[in-house]
Every structure is written in structure tokens, then in C-alpha cells.
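Asks: Once you've had a glance at the structure underneath, I'll fire off some questions.
The values are calculated or read from the model by the stated rules, or taken from the named source; none is laboratory data. Computed from a predicted structure; not experimentally measured. Methodologically, a virtual Cβ is constructed for each residue, glycine included, from the backbone with ideal geometry; neighbour enumeration extends over all protein chains shown. Please note that ligands, DNA and RNA were not included when accessible areas were found on the heavy atoms of the full protein model with its side chains. Shrake-Rupley method; radii C 1.70, N 1.55, O 1.52, S 1.80 Å.
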Amino acid sequence: MKRLGKLANRLADAARQLSLPLVGAPPAAPMVQRAGHRLMRLDGIFVEYQLCRSDRRTIGFTIDRRGLTVTAPRNVPEARIDAALGERADWLLRKLDEWRERAAHAERRAVRWEHGGSLPYLGEDLLIRVDHGRRAPPRREGRELRIALSAEAPTEEVRERAQGWLKSEARTLFALRLAHYEAGFGIAPRSWALSSARTRWGSCSANGSIRLNWRLVHFPPHIVDYVICHELAHLREMNHGPRFWRAVGELYPDYERARRWLRSREASST
Ligand SMILES: [Zn+2]
């Protein structure tokens, strides 16, 4: 029983995990209440979804880059909702995969991972320069990212090496910015890690750990700061209510502009 209790707690934690979606949440329509995220298993795969209660009569599903949203009548018990999801498991899992693929494709299109391609790095473009010769770790020189590869290296290796460099830059930079804001806020996450999530920029789980998407390193530093402050504010307020936004504002007063920037960027890349 004790072990089951632990597992239930872990699942509840995961379900309470708050994430910053790739697009801003739509303005709450009247009659629709944002009731948080839930987690369930479909064909052995954990699927997180946003549950919204509304005055509609049937259970409806929406899948977009934010993931799965389920809208259900107010009086339908959660077990019935899970059963309805289970009935459509094949379709839901296929659609979720398609969205993930689409997001991956959009990124591949956005950056040409090859000699002469340009790579957004902290809001500025770095030119990818491939030097053939002795293999060496990528290094930045002014506005260039120089990648040394052997002449026979497959083109795919340019992307792998450049992304490896971006991730290590992200790790260093995010750690510095987290330390900076923690000091001002007086609360630190229990741990933090980079994520490669396709559908969110950052997340904070109820156990106090923060995840930050390494792709944020493409964006201007003030956007990285906003996402870090957003997740740190969740350590105090695990919701998106007025007190949460006040906490964000303490850390990052100009947050509205950063939110708009993130939203417009997503809109223009689709
Ligand atoms: Zn949030």
C-alpha cells in the first residue's frame, strides 16, 4: 500500500506539473474553467492533458502544439473522461505524434544545419562555418560558429555538433541566470535540468524542480530570463492566478511584453 501511495503521489506531482506552453494559453472564454493538467496512460504511454470544464454536452478533444486539451461537461466524473480517452487511444496517440513531427520539421526548416547556414543564438544570427580537417569541438568566433569535421563526415553531423554546442551554452547560461534570479527571489528550485520538450519552453513540478528547454538559447537573453522567472514564480504559486503573476512581476516587471514576444514568434513560425 505504501508503495502504491508513493506512486500515486508521483503521478499527482506529474499531473500538477505546470508548464509554459509554446504558445500562450488562449484567453479563458467565459463558461470555461481551466482546471489544470491531468495525467493518464494510453496504451502504456503517459499522456498529459489539460482538462477544461464547460457547459457543452459532450466530451471533446483538441490536439495542437500545446498538446492535448479535453473539454468536458461539468458533471462528468474524471473516470468517465479517462474511459472516453481510452476508447480513442489510437487516434489520440497518432495525432500527438503528428504534432510532434510537425514541430520537429518546422525546426529543421528554420535552421539550415550546414556550411553557410545561419543559426539563431541569443537573438542574433551565427553563421555556421564547416572546416574540413581534424575533428575539433565547435567554437564560436565573433559571429561565426566554426565546426571542424573530417571530410567524410555525413551532413547530419553538422546539426548534431551544432546542437551539442547550443545545449552546452544553454546549460552554462541558464545556470547563471537561475542563480541571479534565485538570489533576488529567495527561493531556489530543488534541481533543474535542460529539456528537449517539443511542446513547452519550461516547466516546474510540484516537487520543486524546474526544466528549461535548451532551444530557448535561440532567443534573446531577456526572453530566456522571462521563462526562468516564470518557472521560479511557480515555486511560490503553483497556478496561473493573479498572485502568480504578481510574483512573476516582482522578478521580471516587463513580463507582458515577453509573453507577447513568445506568442508572436510561434504564430509566425507556423
Ligand atoms: Zn506557468
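Asks: So W91 ticks every box in (1) open to solvent by less than 70 Å² (accessible area, probe 1.4 Å); (2) more than 30 Å from L232 (Cα to Cα) but one. Which box is left unticked?
Replies: With (1) open to solvent by less than 70 Å² (accessible area, probe 1.4 Å); (2) more than 30 Å from L232 (Cα to Cα) applied to W91, the lone miss is (1).
Asks: Given (1) of a type in the set (A, V, I, L, M, F, W, C); (2) touching a helix residue (DSSP H, G or I) at 6+ places or on another chain (Cβ under 7 Å); (3) surrounded by 15 or more Cβ atoms within 10 Å (Cβ to Cβ); (4) farther than 30 Å from R57 by Cβ, identify the lone condition not met by V111.
Replies: (2)
Asks: Looking at A233 and the list (1) assigned to a helix (DSSP H, G or I); (2) exposed (fewer than 14 other Cβ atoms within 10 Å of the Cβ), which single condition is not satisfied?
Replies: The one condition A233 does not meet is (2).
Asks: Considering only residues of the stretch 189-210 that are under 13 Å from the mean Cα position of the chain (by Cα) and away from the ligand (no atom under 12 Å from the Cβ), which is nearest to G67 (Cα to Cα)?
Replies: Out of the qualifying residues, it is T199.
Asks: If the requirement is being assigned to a helix (DSSP H, G or I), more than 22 Å from E48 (Cα to Cα) and at pLDDT below 90, which of these qualifies: W245, W261? Quick ask: steps written out before the conclusion?
Replies: Values: W245 fails: at pLDDT below 90.
On inspection, the qualifying residue turns out to be W261.
Asks: Evaluate the following for L251: is it in contact with a helix residue (DSSP H, G or I) (Cβ under 8 Å, 6 or more places away or on another chain), within 16 Å of the ligand (Cβ to nearest atom) and farther than 30 Å from R135 by Cβ?
Replies: Values: in contact with a helix residue (DSSP H, G or I) (Cβ under 8 Å, 6 or more places away or on another chain): yes; within 16 Å of the ligand (Cβ to nearest atom): yes; farther than 30 Å from R135 by Cβ: yes.
When the stated conditions are applied, L251 passes them.
Okay, residues lined up against (1) touching a strand residue (DSSP E or B) at 6+ places or on another chain (Cβ under 8 Å); (2) within 12 Å of the ligand (Cβ to nearest atom); (3) not assigned by TED's automatic domain parsing to the domain that holds A179:
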site: P221; (1), (2), (3): no, no, no
site: L235; (1), (2), (3): yes, yes, no
site: G241; (1), (2), (3): no, yes, no
site: R260; (1), (2), (3): no, no, no
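Asks: Same structure, new question: Kindly indicate whether any position in the stretch 254-266 is closer than 19 Å to L119 by Cβ, surrounded by 16 or more Cβ atoms within 10 Å (Cβ to Cβ), of a type in the set (A, V, I, L, M) and under 14 Å from the mean Cα position of the chain (by Cα).
Replies: Checked the stretch 254-266: no residue is closer than 19 Å to L119 by Cβ, surrounded by 16 or more Cβ atoms within 10 Å (Cβ to Cβ), of a type in the set (A, V, I, L, M) and under 14 Å from the mean Cα position of the chain (by Cα).
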